[in-house]
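Participant: I have a structure here, written as structure tokens, and I will follow up with some questions on it.
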Amino acid sequence: MAVDSEDLVEDVMSGDTLDDYLISLAQGISEAQKKLNQLALNDTTSVNPVLYQIPKVEFELKVSYSLNQQTQSSASGETKKVTRFQVQSLTPESQTEGLTTEGMSTIRGSFVAVPANHGKPPTVLQTAIRRFSATSAGLEVWVRNRAGEVLPNVAVQVNIDREYSATMNGWNGLDQGVSEHTFLEDGVITTDDQGHASTNLTIANDEPSGTNVVIVIDSSGQTETLNYVVES
């Protein structure tokens, strides 16, 4: 598939390095695919709308370059030879003699569509929190995929969202956020052979009853949110 968008070409050519060119091209392809996806969503004429996908985009970049070999002389009389790929401004106290060689290189490549998650079934998170006492609770996480297979040795990030907890507490008439002495024992936990991981939540002794503690669980691109309400 050829990409002929003038805006895309302008974005690609605005880069200063090869990395900029490739990133701009990838962003343009991503935007084009999003628009194709939107066409499918907006199609109300068919029960089964047609889906469009860009399978492959080939590109060719012709890059010109210059190699500068310079002999720099400083005010003290010292000289040195410097080879660089771009011309740098020199101080008024120095003199430069040099030779510039220019050339052109052609770079070809392609962007190929691949299945999301390397073709594996999407990850599914199952979470639960259990109250042990007024100042302690247990957070449990199970990680599987859509096929029902457990996923061992998977890192799971768990955090207290203190900002959102304070917002929820404000909605419920509490003027304070979560105490700094309320915390999760681990920030990252790893699933065992059964795809299970756990950690403990410690509640501050002075945490008011009814306080909302919002916990965010993230793993393999999936996010779950739990709200634990403190009880006396």
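Participant: Q126: net charge of surrounding residues, Cβ under 15 Å, Lys/Arg +1, Asp/Glu -1, itself excluded?
Facilitator: Overall, the nearby charge balance is -2.
Participant: Roughly speaking, what is the stretch gain from Y164 to I107, that is 0.36 nm per residue apart minus the C-alpha to C-alpha distance, in nm to one decimal?
Facilitator: Separation in residues times 0.36 nm, less the Cα-Cα distance, equals 15.7 nm.
Participant: Let me ask something else. Could you give the length gained by full extension between A128 and N200, i.e. 0.36 nm per residue of separation minus their alpha carbon distance, to one decimal place?
Facilitator: Here the segment from A128 to N200 would lengthen by 24.8 nm.
Participant: Please report S136, S219, S24 as a ranked list, fewest other C-beta atoms within 10 angstrom at the top and most at the bottom.
Facilitator: By the 10 Å Cβ count, ascending: S136, S24, S219.
Participant: Work out, in µm²/s and without decimals, the Stokes-Einstein translational diffusion coefficient of the range 117-229 at 25 °C, 0.890 mPa s, Rh from Kirkwood over C-alpha pairs.
Facilitator: For these conditions, the coefficient is 166 µm²/s.
Participant: Which of K35, K120 has the fewest other C-beta atoms within 10 Å, and how do the rest follow up to the most?
Facilitator: Lowest count first: K35, K120.
Participant: Pull out the extension gain between K62 and V229, defined as 0.36 nm times the separation in residues minus the alpha carbon to alpha carbon distance; nm, one decimal.
Facilitator: 54.0 nm
Throughout, read-outs are computed from the coordinates displayed, never taken from laboratory work. All figures in this text were calculated on a predicted structure; none of them were measured in a lab. Don't worry about glycine lacking a Cβ; one is built from the backbone with ideal geometry, like all the others, and counts go over all protein chains shown.
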